[in-house]
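Student: Handing you a structure now.
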Amino acid sequence: MAKNLVLGIESSCDETSVAVVEDGYRVLSNEVATQIELHNRYGGVVPEVASRQHLESLPILIPSALKQAQVAYDDLSGIAVTASPGLIGALLIGLSAAKGLALSLKIPFVAIHHIEAHLYAARLNDEPVLFPAIGLVVSGGHTELYHIEDWGVYRLLASTRDDAAGEAYDKVAKMMGLGYPGGPLIEKLAQKHQGAPGHFSLSRMKDHSQDFSFSGLKTAASLEFKKNPPKDEAELAHFAAKFQNTVIEEIILRVRKAMFEARPKSLLVGGGVACNQAVRDALKKEANDFKAVLRVPPPKFCSDNAAMIAGLGAHQLASGKMAPLSATANPTGSFY
Ligand code: KG4
Ligand code: ZN
C-alpha cells in the first residue's frame, strides 16, 4: 500500500516552516526558519518584511524538508497549508506555494486552521489521543480552552478578553527591558528565584465569565515595576517569578473548572507558552488530579511548526476533506 506522506507549510507569522509527516503522526522532517532576528530591530513583527522573508525561505525549506525526510516530490500524497489565522500577506505566500505544488504534482491540498493544528500537535510522534479531551492553546496571539469530542468536533469554552498569555509575557518582558520573545527570557530569570514567588492580584470578570484576562496583570506588573524597580538580579528574578506564577494561576483556574465539569480522558496543550516548564508542571498536576492523560508535545512542536499542519492535513485528507484551488487565506476565522 502506498504510504500516506503529506507535506505541510506554515507561514502565518514570523516562522517559515516545512515538514513531511507520515500517516498523520510520524514526523519525518520539520524545518523551521525563524525571523525573530529580522524583526527584533523594529521591536515587533513587520507584516511586509515577514511576507518577503517567507518568499525567500520557502524555496529553500521545501527541498530541504523532503531531503531530510528522504521523500521525493512524486512520493507525496497531499499538501497541507496554514490558511488561517495570521498575517494576510504571510498566509498568502504559503497558500500560493501549496497550490502550486498541488497543481504541478496533481495531488490534493487542504487548508488548515493554525489553532486547530496547535491542538493536533499532541498527536505527533505519539499514540492516538483518548477522547473526550480538554484542549488548551496558549500562544502569542491566542489563549483558548476547548472541549474536544473528537478531531474536528470542538466547542469553545473560554478565550481571552484582552491579551493572550504569550503576549503578556512579551509585553512585560519589553517593559522589563529583556527583549523579544519575552516568554523564554522571563522563564529563565524566574528559574533563578528560590522560594515562594507570591503573585499579583488577578482581575475577576464582573459577569463571572470563565474567559481569560491578562491585561490587568500586565498593568499591575508595570505599576509595581515603576514603583519598586528591582535593585539587583535577585529582585529581578523574584519579579519574573511572581509574574509567571500569576500567569499560571490564571491558566490553571480556568483549566481546573473545565476538567471538573467535563471529566475528560485527556488534557491537550499547545502553543508557544506550553514550552514553559513551570506551565507544563502545573498542567501535569491538574491532569493527574483528574486522572486524565496530559498530552503536551515537546517544545519544538509547541511553538509554530509545519509538522502540526502536515499531521492535521493528513488526518483531514484521509477523511476526504480537500480545498479547491480557489481557496483563500483568512486572517481571522474560526474552526469550530
Ligand atoms: O505558538 P507560538 O510560537 O506563536 C504564535 O502562534 O503566537 O507562540 C509564541 C509565544 C510568544 O509570545 C512567546 O513569548 C511565547 O510563545 N513563549 C513562551 C515560552 N516560549 C515561547 N512563553 C513562556 N515561556 C516560554 N518558555
Ligand atoms: Zn502558533
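The values are calculated or read from the model by the stated rules, or taken from the named source; none is laboratory data. Note that the structure is a prediction, hence the values are computed from the model and not measured. Glycine gets a Cβ as well: all are built from the backbone with ideal geometry, and neighbour counts include every protein chain shown. Keep in mind that these areas ignore ligands, DNA and RNA; they rest on the heavy atoms of the full protein, side chains included. Shrake-Rupley method; radii C 1.70, N 1.55, O 1.52, S 1.80 Å.
Student: Can you tell me the accessible area per residue over the chain, all protein chains present, probe 1.4 angstrom, in square angstrom? List each step's numbers first, then the result.
Tutor: Details: 15030 Å² over 336 residues.
On a per-residue basis, 45 Å².
Student: What fraction of the DSSP beta bridges in the range 130-296 is antiparallel, stated in percent and rounded to the nearest 5? Mind dumping the intermediate values first?
Tutor: Working: 12 of 21 bridges.
Just about 55 percent of them are antiparallel.
Student: Whole number please: convex hull volume per residue of the Cα set in the range 1-160, in Å³?
Tutor: Details: hull volume 19.0 nm³, N = 160.
Taking the convex hull of the Cα positions in the range 1-160, it is 119 Å³ per residue.
Student: How do the peptides 42-49, 128-135 rank, highest first, by the average count of neighbouring beta carbon atoms within 10 Å per residue? Working shown, then result.
Tutor: Values: 42-49: 13.2, 128-135: 18.6.
Descending mean neighbour count gives 128-135, 42-49.
Student: Continuing with the same structure: Please grab the % of Cα pairs in the range 192-244 that end up more than 14 Å from each other. Intermediate results must be reported in sequence, preceding the final value.
Tutor: On the way: 794 of 1378 pairs.
Summing the P(r) tail past 14 Å for the range 192-244 gives 58 percent.
Student: For the range 83-224, which semi-axes, largest first and in whole Å, follow from the square roots of 5 times the eigenvalues of its Cα gyration tensor? All intermediate terms of the calculation are to be shown ahead of the outcome.
Tutor: Numbers: eigenvalues 228, 84, 51 Å².
Equivalent-ellipsoid dimensions as semi-axes: 34, 20, 16 Å.
Student: When all alpha-carbon pairs of the range 210-336 are counted, what percent fall beyond 20 Å? Show your work: numbers first, answer last.
Tutor: Working: 4988 of 8001 pairs.
Here the long-distance tail beyond 20 Å is 62 percent of all Cα pairs in the range 210-336.
Student: Apply the Karplus curve 6.51 cos²θ - 1.76 cosθ + 1.60, θ = phi - 60°, to the phi angles in the range 323-331 and return the couplings in whole Hz, x for Gly and Pro.
Tutor: Listing the rounded values in order: 9, x, 5, 7, 4, 10, 7, 10, x Hz.
Student: Can you give the translational diffusion coefficient of the chain in µm²/s, computed by Stokes-Einstein from the Kirkwood radius over Cα pairs at 20 °C and 1.002 mPa s? Let's see the in-between values first.
Tutor: Details: Rh = 20.4 Å.
Value of D from the Cα-based Kirkwood radius: 105 µm²/s.
Student: At 222 nm, what helix-only mean residue ellipticity would the chain give, in deg cm²/dmol to the nearest 500, using -39500 (n - 2.57) for each DSSP H run of four or more?
Tutor: Numbers: 11 runs with 145 residues, N = 336.
Roughly -13500 deg cm²/dmol at 222 nm, from the helical runs in the chain.
Student: Hey, how many Å between the Cα centroid of the range 257-330 and the Cα centroid of the range 174-205?
Tutor: Going from one Cα centre to the other spans 24 Å.
Student: Here is a further query. Averaging sequence separations of C-alpha pairs under 8 Å and six or more residues apart, then dividing by the length of the chain, give the relative contact order as a whole percent.
Tutor: Details: 722 pairs, mean separation 87.8, N = 336.
Dividing the mean separation by the residue count of the chain yields 26 percent.
Student: While we're looking at this one, here's another question. Determine the sum of side-chain charges near Tyr154: Lys and Arg each +1, Asp and Glu each -1, restricted to other residues whose C-beta is under 11 angstrom from that of Tyr154.
Tutor: Details: positive: Arg155; negative: Glu116, Glu144, Glu149, Asp150.
Its environment carries a net charge of -3.
Student: Largest first, please: the extent of the C-alpha atoms of the range 85-166 along each principal axis, to the nearest Å.
Tutor: That works out to 40, 33, 21 Å along the principal axes.
Student: Let me ask another. If you average 1/r over all unlike Cα pairs in the range 130-296 and invert the result, what Kirkwood radius do you get in angstrom? Kindly include the intermediate steps, with their values, before the conclusion.
Tutor: On the way: mean 1/r = 0.0618 Å⁻¹.
About 16.2 Å for the range 130-296.
Student: Dividing the convex hull volume of the Cα atoms of the range 140-223 by its residue count, what figure in Å³ per residue is obtained?
Tutor: On the way: hull volume 11.7 nm³, N = 84.
Cα-based convex hull of the range 140-223, divided per residue, equals 139 Å³.
Student: Further question: Of the DSSP beta bridges with both residues in the chain, give the percent that are antiparallel, rounding to the nearest 5. Show your work: numbers first, answer last.
Tutor: Working: 26 of 44 bridges.
Percentage antiparallel, nearest 5: 60.
Student: Hey, could you pull the Cα Rg and Dmax for the range 46-132, both in Å?
Tutor: 14.6, 41
Student: Which whole-Hz couplings ³J(HN,Hα) result when phi for each residue of the range 118-126 is put into the Karplus expression 6.51 cos²θ - 1.76 cosθ + 1.60, θ = phi - 60°, listed in order with x for Gly and Pro?
Tutor: Using θ = phi - 60°, the values come out as 4, 6, 5, 3, 4, 8, 5, 6, 8 Hz.
Student: Under Stokes-Einstein, with the Kirkwood radius over Cα pairs standing in for Rh, what whole-number D in µm²/s applies to the range 143-192 at 4 °C and 1.567 mPa s? Intermediate results must be reported in sequence, preceding the final value.
Tutor: Working: Rh = 12.7 Å.
For the chosen part, D equals 102 µm²/s.
Student: Under the classification rounded if a/c is under 1.5, otherwise prolate if a/b is larger than b/c and oblate if not, where does the range 268-336 fall, given a ≥ b ≥ c as square roots of the Cα gyration tensor eigenvalues? If you can, show how the numbers build up before the last one.
Tutor: Working: a/c = 2.61, a/b = 2.07, b/c = 1.26.
Prolate, since a/c reaches 1.5 and a/b exceeds b/c.
Student: If you don't mind, another one. Tell me the carbon and sulfur percent of the accessible area for the chain, rounded to whole percent, probe radius 1.4 Å.
Tutor: 55
Student: Please identify the DSSP H helices in the chain that span no less than 20 Å along the helix axis (Cα) and have a mean Kyte-Doolittle hydropathy of 1.6 or more.
Tutor: Working: long enough: 47-69 (31 Å, 0.04); 88-105 (25 Å, 1.79); 233-262 (43 Å, 0.18).
Span-like helices, by this rule, are 88-105.
Student: Work through the residues other than Ala314 whose Cβ is under 14 Å from its Cβ and net out their charges, Lys, Arg +1 and Asp, Glu -1. Please list the in-between numbers first.
Tutor: On the way: positive: Lys3, Arg26, Arg123, Lys321; negative: Glu22, Asp23, Asp75, Glu116.
With Lys, Arg at +1 and Asp, Glu at -1, the net is 0.
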